[in-house]
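The values are calculated or read from the model by the stated rules, or taken from the named source; none is laboratory data. For clarity, every value in this text was computed on a predicted model and none was experimentally measured. We place every Cβ from the backbone using ideal geometry, glycine too, and count neighbours over all the protein chains shown.
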There are 2 protein chains.
Amino acid sequence: MSVQNKRSEYGCPVAFGLDVFGDKWSMIVIRDLMFRGFTTFKEFLGAGDGIATNILSNRLKHLEIQGIVKKKRDPENARSYIYSLTEKGRDLVPVMIEIVSWSGKYDDRPNARRGLVEKIRNNRENVEKKVRAGAIDF
Amino acid sequence: MSVQNKRSEYGCPVAFGLDVFGDKWSMIVIRDLMFRGFTTFKEFLGAGDGIATNILSNRLKHLEIQGIVKKKRDPENARSYIYSLTEKGRDLVPVMIEIVSWSGKYDDRPNARRGLVEKIRNNRENVEKKVRAGAIDF
DNA sequence: AAAATTAAATTGCATTTTGCAAGTTAAAAT
DNA sequence: ATTTTAACTTGCAAAATGCAATTTAATTTT
C-alpha cells in the first residue's frame, strides 16, 4: 500500500509515527475526524481539499489497518459506513494541537483561522478533553 | 516543487503546516537536524534512511525556502555547506516530541528506542531547551 | 601544475504514486 | 422496475520518487 515506505532498521520513533500517519492525506483525514466530526466517505470528499476517491479509499484502509480509524455500518442507513477515530487515533490530538499551534505562529495568510488557533493554543487540555468526549465544536 | 500541493482555500492551520513540513522526507531531515546534530548533505545521506540525493536536495531547498532550514558555507571547508534549523524550524520541537511520545505508546517493534522515548516524554521542556541551546545528546 | 579526491548537487530514466473521469456494486427510494 | 445514493474500483495520463551516472567546484596529492 502506497503510504507505507521502507522501514528504517533503527527503530526511530519519528520514522515509526510517520509510517503510520505521516502523509498529507492521512493527516487531513485524521483532522477531519478529530476536529470536524466527519464520519462518512462522502463528507471527506466534500470537504474541499480535493482528495480523489481512490486516494481517500486507500488512506482510510491504511488508517484502519494501522488501528487509527475504525469503520462500522451505519445502523440508520445500510448503504453508508461510519468512520471514526480509535483511542490510538485520538491519542494523536497532541500532535495535531502542536501543528496547529506552530501554524498559528507562522501562518500569515489573510484567511488564516487566527481566532480558532489561539483558542486551541491557549486551551490544549480542554481541546483534548473535548475531542475525547466527541464534543467537537471547532 | 514536488512537496508543495494545492493549497486549501480555507486557511486551515493543519493544512498550512503540512504544506511546509508535512512529508516524510522533510520530517526526517528536520529530525536529523533537531536530534542528531547533522549539518552536512553527506551526513543526511549516510543516515541509513535511504534518501536519494535528488530528493534530499529537493527537500533541503524546500525547507530553506520555507524558512525552516538555513544554509551557509562551512568556514573550515569551502567545499562543504552547513545546514541548520532556524528559529522557525526549532519551533517544531513540540510537534516532534508529540510524535515521539505517541510512538512511545504504540511502537512494539523489538528495536524500538524505549528508553530514549521515555526520557523525552517525561522531560519535554528540557528536551526543547536542549535543542534550542544546540546541546543535542539523544 | 596536472591528476585525483571530496562535497554537493543535477540529470536521465525506469518505477511508483497520484489525480482525474468513468464505471461498478449494493442498498433504498420512487 | 427504474432511479438514486454511498462507497468504492478501474484505467490511464501526469507527477513524484528511486537509482545510477555525471557534473561542478574546491582541495589534496603526486
(message) The conditions are (1) facing chain A (nearest Cβ under 8 Å); (2) assigned to a helix (DSSP H, G or I); (3) basic (Lys, Arg); (4) without any contact (Cβ under 8 Å) to a residue 60 or more places away in the chain, and B:LYS42 fails exactly one of them. Which is it?
(response) (1)
(request) Tell me, yes or no, whether the stretch B:32-43 has at least one residue that is crowded, with 21+ Cβ neighbours inside 10 Å and more than 16 Å from DNA strand C (Cβ to nearest atom). (result) yes
(request) Taking B:PHE138 as the residue in question, decide whether it is more than 12 Å from DNA strand C (Cβ to nearest atom) and closer than 21 Å to B:LYS24 by Cβ. (result) yes
(request) Evaluate the following for B:ASN58: is it within 10 Å of DNA strand D (Cβ to nearest atom), touching a residue at least 12 places away in the same chain (Cβ under 8 Å) and not assigned by TED's automatic domain parsing to the domain that holds B:VAL127? (result) yes
(message) Take the conditions within 10 Å of DNA strand D (Cβ to nearest atom) and either within 13 Å of another protein chain (Cβ to nearest Cβ) or out of contact with any helix residue (DSSP H, G or I) (no Cβ under 9 Å at 6 or more places or on another chain) (or both) and apply them to A:ALA15. Does it pass?
(response) no
(message) Being part of a loop (DSSP other than H, G, I, E, B) and touching a Lys or Arg at 6+ places or on another chain (Cβ under 7 Å) is true for just one of A:GLY48, A:GLY37, A:GLY104, A:GLY11. Which residue is that?
(response) A:GLY11
(request) Pick out the one residue from B:VAL117, B:VAL95 that is touching a Gly at 6+ places or on another chain (Cβ under 7 Å), in a helix (DSSP H, G or I) and crowded, with 20+ Cβ neighbours inside 10 Å. (result) B:VAL117
(request) Those residues that are within 7 Å of chain A (Cβ to nearest Cβ) and more than 27 Å from B:VAL20 (Cα to Cα), I need them from the stretch B:99-120; list them, please. (result) B:ARG109, B:ASN111, B:ALA112, B:ARG113
(message) Given the condition assigned to a helix (DSSP H, G or I) and not aromatic (Phe, Trp, Tyr), answer yes or no: does some residue in the stretch A:67-86 qualify?
(response) no
(request) Return yes when A:SER26 is hydroxyl-bearing (Ser, Thr, Tyr), within 14 Å of chain B (Cβ to nearest Cβ), away from DNA strand C (no atom under 16 Å from the Cβ) and in contact with a helix residue (DSSP H, G or I) (Cβ under 6 Å, 6 or more places away or on another chain) and no when it is not. (result) no
(message) Whether any residue in the stretch A:50-73 is polar (S, T, N, Q), under 22 Å from B:SER103 (Cβ atoms), within 16 Å of DNA strand C (Cβ to nearest atom) and within 14 Å of chain B (Cβ to nearest Cβ) is what I want to check.
(response) yes
(request) Working only within the stretch A:74-98, note down all residues that are away from chain B (no Cβ under 14 Å) and hydroxyl-bearing (Ser, Thr, Tyr). (result) A:SER80, A:TYR81, A:TYR83, A:SER84
(request) Would you check if A:ARG79 is of a type outside the set (S, T, N, Q), within 12 Å of DNA strand C (Cβ to nearest atom), in contact with a Ser or Thr (Cβ under 9 Å, 6 or more places away or on another chain) and more than 30 Å from B:ARG90 (Cβ to Cβ)? (result) no
